[in-house]
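What follows is a single structure, written as structure tokens, with notes after it.
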Amino acid sequence: MIVIVRLLKTRSFIKNFLLAVSFLFVNNVFGQATLTSDSADYQPGSTATLTGTGFQPGETVTLQVLHATETIDTSGADDHLPWDVIADSTGGFVTTWHVCEDDCKGKLLRASAIGQSSSLEAETFFTDATVTTSGSGSWSSTTNNAP
């Protein structure tokens, strides 16, 4: 009986040890996933370029941009739908997102990327700027159509 208990404990230990080594191997080989944007602030209607690294080569990565508070105004829901990209041979990708012009103005946004086979996750934050002008007085403009 003691031999069986020791054998089971040894098998359990070996199984757990191999699982831990596998996890460390995968983590070291593929590292940490990252997601960056080409700007910290975008004008409404512009294009944000998102760059991901550290995913598994050839894996499908699902991206989505939401308000940092996780809320969505349903009038701009199409701008917040997830989309997929395929990581290249180094585990990287470059993709773009149309910066929404309605519910995003002046908001903090969070772009997230999730590797579908590795479950690696990365995120980045940026804002959708609001242009505000103020002034007083009068303004006039003249167009000169001279040849």
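Nothing in this text is a laboratory measurement; each read-out follows from the coordinates by a stated rule. It should be emphasised that the depicted structure is a prediction, and the values quoted were computed from it without experimental measurement. Cβ placement follows ideal geometry from the backbone for every residue including glycine, while neighbour counts extend to all protein chains displayed.
With 0.36 nm allotted per residue and the present C-alpha distance subtracted, the Asp84-Ser39 stretch has 14.1 nm of extension available. Run the quick spin-label model on Thr60 and Val94: label points 7 Å from Cα toward the beta carbon, then report their separation in nm to one decimal. Calculated label separation equals 2.5 nm. Could you give each residue of the stretch 78-95 its phi-based ³J(HN,Hα) in whole Hz, using Karplus coefficients 6.51, -1.76, 1.60 with θ = phi - 60°, and x for Gly or Pro? Each residue of the stretch 78-95 in turn: 4, 5, 10, 6, x, 9, 10, 10, 10, 5, 6, 5, 9, x, x, 7, 10, 9 Hz.
By other beta-carbon atoms within 10 Å, ranking Val61, Val99, Val85, Val94 with the fewest at the front produces Val94, Val85, Val99, Val61. Once backbone amide H atoms are built at 1.01 Å from N, Leu120 has Gly115 as its partners under 5 Å, excluding neighbours fewer than 5 places away on the same chain.
With neighbours defined as other Cβ atoms within 10 Å of a residue's Cβ, the residues Phe93, Phe125, Phe55 order from fewest to most as Phe125, Phe93, Phe55. Taking Cβ atoms as reference points and 15 Å as the exclusive limit, the residues near Thr51 contribute a net charge of -3, counting Lys and Arg as +1 and Asp and Glu as -1.
Label point 7 Å out from Thr69 along Cα-to-Cβ: which residues of the stretch 30-63 have amide N under 20 Å? Answer for this model: 41-42, 44.
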